[in-house]
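Report on the following structure.
The values are calculated or read from the model by the stated rules, or taken from the named source; none is laboratory data. What you see is a predicted model; the values in this text were computed from it and never measured. For neighbour counting, all protein chains shown are included, and Cβ atoms are generated from backbone atoms with ideal geometry for every residue, glycine included.
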Amino acid sequence: MMIKLDLVTKVYPDGTEAVKEVSFEVEAGELCVLLGPSGCGKTTTMKMINRLIPITGGKIYINGGDSTKMNENELRRNIGYAIQDIGLFPHMTVGQNIGTVPSLKGWPKAERNKRAEELLELVGMNSGEFIDKYPSELSGGQCQRVGVARALGADPPILLMDEPFGAIDPITRVRLQDEFLKIQQDIKKTIIFVTHDIYEAIKMGDKVALMKEGQLVQYDTPANLLYRPKNEFVEDFVGADRALKGLQLIRVKEVMTSSLPTVKADEKAEAARERMEQEGIDWLVVVNDDGKFLGWVGKAELGKGELVKEVMNSSAITVTVNTVLNEALSLMLSSGANNLPVVSKDNRLQGVLSFDIIRKALTEVSQRRQSE
Amino acid sequence: MRRRVILIGLLMLLVGLTIWITNLEWIKEGVYKPFTWGDIMSATISHLEMVVIAELIAISIGVPLGILVTRPGLRRLATPVVGGVGVGQTIPSLAVIAIMAPLLGFGLNSAIVALFIYGLLPIVRNSYAGINNIDSAIVEAARGMGMTRGQIARKIELPLALPVIMTGIRISTVITVGTAELAVLVGGKGLGLITLTGVFSMQPLTILQGAAPTAALAITLGFILERIENSMTSRGLKVKAAMA
């Protein structure tokens, strides 16, 4: 186990009890979400882990060692830290920002640069383009990415993230969440992630610690939080639409159809018609020679031209295998499409997600709840 | 760019004016003691001397003082210190300078002490504000990443506050060049001697002989300090200014 909180308490000099006897353990490689309404003590709890706020009772063990016995700056250099306000250093370039902790640890310059390049690519930014830019030249989403890259600077085993995707628009937030989950699959950090957003918590967390007025109410998996709420507070906090929220727990790859008839853009419309009849369907996915997604073609359009590419509907609305179902559903509803192509990072077609599939998943989720 | 052309034009106008007045034949005869080109040069140099000495003292005391009162233990002192230093500037400059004579006697030292007191406020206030106005998220991020207090001060706070501190020094210097005109009243030297002679002998052109070089000096020092300020400011902070 990586992080262990044992009856951790924070009482301020004026007598306010911000955190009361909170205990939980986070295994190595796990993402633990601290969730709760504002003022519930989640941020305070997080900041006690890297000792930005001193604890007044109980113990915090990092990798088995009592954190109060460690040098506080050494401790912090081994715990990545990303906050909602990001706090990028405006007078330093993106590369220098990411290299902050490596530089504190005395890495040579060449190594710091190499690491910054790697991390920029990891968070989906072109290193050549961005490494010498200043924070003021970046968009909000790019700043968040750099903030995460900086937290990963010296490859710390532990990350603390305080609403790291809080201050950006919902679309970018969803994208950053997805990307971060993907990164986490590779880097397997032990993460404490603070949020007040139940959707984010269910989506991101391996475990969720729901807090209220400084106390830990339930520490559980997202599924148990949804379907086995410990008390009324949890039930209220989770909300009545738990079936819909349950869609957060399912990813496209678990339910999508992966064997599907396609047609190439250069093929004749006639060939497409034959294939549709063969399969007994009235639409096909159009791809190019590399298997990259281009669009759709329906039976009704086939007569309008000779080649498939002349009659197809090109579309840019796609999902990935890691998209969670409720986001896919809301994409479908907003775009009016009944089917969404599932594509890889380089737009290669991997499958199709249909409205029916989602409906089926939704029924299963609700049944699971009733049977429990 | 355009601003620089205007500044240089103004500077040339002031210097040209001074040269023209100094070379007028009837001035040389009409005034009780006509000021020669040499008088003006040496007055300018001693004026500059007073300003530089007073400013060096004001900087070496004002900058650390302004920064110190932003530190956690000393934050309570910020209001009294910045306010106290401000009192110096609420009193008219003439009074500050005049009061030095009875306190410290007539002489160059009184003049320099007066100029120092008068120039202190912009430096202390800007040093304090420069550090104090840094986004707290930036300092928190630095702390959370394991920077020591000293590292935060050196690598984060000072570079971020530097442009504001330098602005304070520039404002203070330009003000002090003007205030130094009065230094002659308590036994100081400088261009004030020429200006005030013009005033007391009611010779407008002689006033200009002292006032024009003073203005030229203020413009030149302001310009040089602005260039220094610019070269010391991180490009990252300038991009922001350009976008805002």
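Scanning the stretch A:203-235 for residues that are over 23 Å from the mean Cα position of the chain (by Cα), under 29 Å from residue A:16 (Cβ atoms) and in contact (Cβ under 8 Å) with a residue 12 or more places away in the chain yields A:212, A:213, A:214, A:215, A:216, A:217, A:230, A:231, A:233. Residues that are under 16 Å from residue A:319 (Cα atoms) and among the β-branched types (Val, Ile, Thr) within the stretch A:160-205 comprise A:171, A:172, A:174, listed in sequence order. Among the conditions (1) surrounded by fewer than 21 Cβ atoms within 10 Å (Cβ to Cβ); (2) at pLDDT 90 or above; (3) more than 17 Å from residue A:31 (Cβ to Cβ), residue A:146 misses just one, which is (1). Within the stretch A:93-142, being of a type in the set (Asp, Glu) and farther than 23 Å from residue B:159 by Cα holds for A:111, A:117, A:118, A:121, A:129.
With the stretch A:103-207 as the region, which helices (runs of 4 or more DSSP H) entirely inside it contain at least 1 residues that are within 12 Å of chain B (Cβ to nearest Cβ)? Step through it out loud before you land on a result.
On the way: elements: A:109-122, A:127-130, A:140-151, A:170-187, A:198-204.
Filter on the stretch A:103-207 gives A:140-151.
Against the criterion of being in a helix (DSSP H, G or I), out of contact with any helix residue (DSSP H, G or I) (no Cβ under 6 Å at 6 or more places or on another chain) and within 20 Å of residue B:112 (Cα to Cα), residue B:19 does not qualify. For residue B:103, the criteria (1) free of Cβ contacts under 8 Å to residues at least 12 places away in the same chain; (2) within 13 Å of another protein chain (Cβ to nearest Cβ); (3) not hydroxyl-bearing (Ser, Thr, Tyr) hold in every case but one, which is (2). Of the residues examined, residue A:99 is not one that is closer than 20 Å to residue A:149 by Cα, within 14 Å of chain B (Cβ to nearest Cβ) and surrounded by fewer than 22 Cβ atoms within 10 Å (Cβ to Cβ).
Is it the case that the stretch A:52-70 has a residue that's farther than 30 Å from residue A:221 by Cα and in the same structural domain as residue A:168 (by TED's automatic domain parsing)?
There is at least one residue in the stretch A:52-70 that is farther than 30 Å from residue A:221 by Cα and in the same structural domain as residue A:168 (by TED's automatic domain parsing).
Taken over the stretch A:30-47, the residue count meeting the criterion of being of a type outside the set (D, E, K, R) and out of contact with any strand residue (DSSP E or B) (no Cβ under 6 Å at 6 or more places or on another chain) is 3.
Conditions tested, residue by residue: (1) within 25 Å of residue A:188 (Cα to Cα); (2) under 25 Å from the mean Cα position of the chain (by Cα); (3) away from chain B (no Cβ under 14 Å).
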position: A:2; (1), (2), (3): yes, yes, yes
position: A:13; (1), (2), (3): no, no, yes
position: A:36; (1), (2), (3): yes, yes, yes
position: A:40; (1), (2), (3): no, yes, yes
position: A:43; (1), (2), (3): yes, yes, no
position: A:73; (1), (2), (3): yes, no, no
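When the criteria are applied in full, residue B:85 meets the requirement of being part of a helix (DSSP H, G or I), surrounded by fewer than 23 Cβ atoms within 10 Å (Cβ to Cβ) and among the β-branched types (Val, Ile, Thr).
Restricting the search to the stretch A:65-84, which residues are in a loop (DSSP other than H, G, I, E, B) and in contact (Cβ under 8 Å) with a residue 40 or more places away in the chain? Of everything in the stretch A:65-84, those that are in a loop (DSSP other than H, G, I, E, B) and in contact (Cβ under 8 Å) with a residue 40 or more places away in the chain turn out to be A:78, A:84. Residue B:45 satisfies every condition listed in (1) in a helix (DSSP H, G or I); (2) within 23 Å of residue B:184 (Cα to Cα); (3) touching a helix residue (DSSP H, G or I) at 6+ places or on another chain (Cβ under 7 Å) except (3).
Can you pull out the residues in the stretch B:157-198 that are in a loop (DSSP other than H, G, I, E, B) and either of a type outside the set (Lys, Arg) or surrounded by 22 or more Cβ atoms within 10 Å (Cβ to Cβ) (or both)? Let's see the steps before the verdict.
Residues of the stretch B:157-198 in a loop (DSSP other than H, G, I, E, B): B:187-191.
If the condition is that a residue be in a loop (DSSP other than H, G, I, E, B) and either of a type outside the set (Lys, Arg) or surrounded by 22 or more Cβ atoms within 10 Å (Cβ to Cβ) (or both), then B:187, B:188, B:190, B:191 are the ones that fit.
Out of all the residues in the stretch A:323-360, which are touching a residue at least 60 places away in the same chain (Cβ under 8 Å) and touching a Phe, Trp or Tyr at 6+ places or on another chain (Cβ under 6 Å)?
In the first step, residues of the stretch A:323-360 are kept if they are touching a residue at least 60 places away in the same chain (Cβ under 8 Å); the result is A:323-329, A:342, A:349-354, A:357-358, A:360.
Matches in the stretch A:323-360: A:349 only.
Considering the stretch B:116-145, the residues that are assigned to a helix (DSSP H, G or I) and facing another protein chain (nearest Cβ under 7 Å) include one that is surrounded by the fewest Cβ atoms within 10 Å (Cβ to Cβ), namely B:137. For the stretch A:85-98, state whether one or more residues are touching a strand residue (DSSP E or B) at 6+ places or on another chain (Cβ under 6 Å), in contact (Cβ under 8 Å) with a residue 60 or more places away in the chain and not in a helix (DSSP H, G or I). Taking every residue of the stretch A:85-98 in turn, none turns out to be touching a strand residue (DSSP E or B) at 6+ places or on another chain (Cβ under 6 Å), in contact (Cβ under 8 Å) with a residue 60 or more places away in the chain and not in a helix (DSSP H, G or I). The residues of the stretch A:85-132 that are among the charged types (D, E, K, R) and farther than 21 Å from residue A:172 by Cα, listed by number, are A:105, A:109, A:111, A:112, A:114, A:115, A:117, A:118, A:132. Residues that are within 14 Å of another protein chain (Cβ to nearest Cβ), among the hydrophobic types (A, V, I, L, M, F, W, C) and at negative phi occur in the stretch B:220-236; there is at least one.
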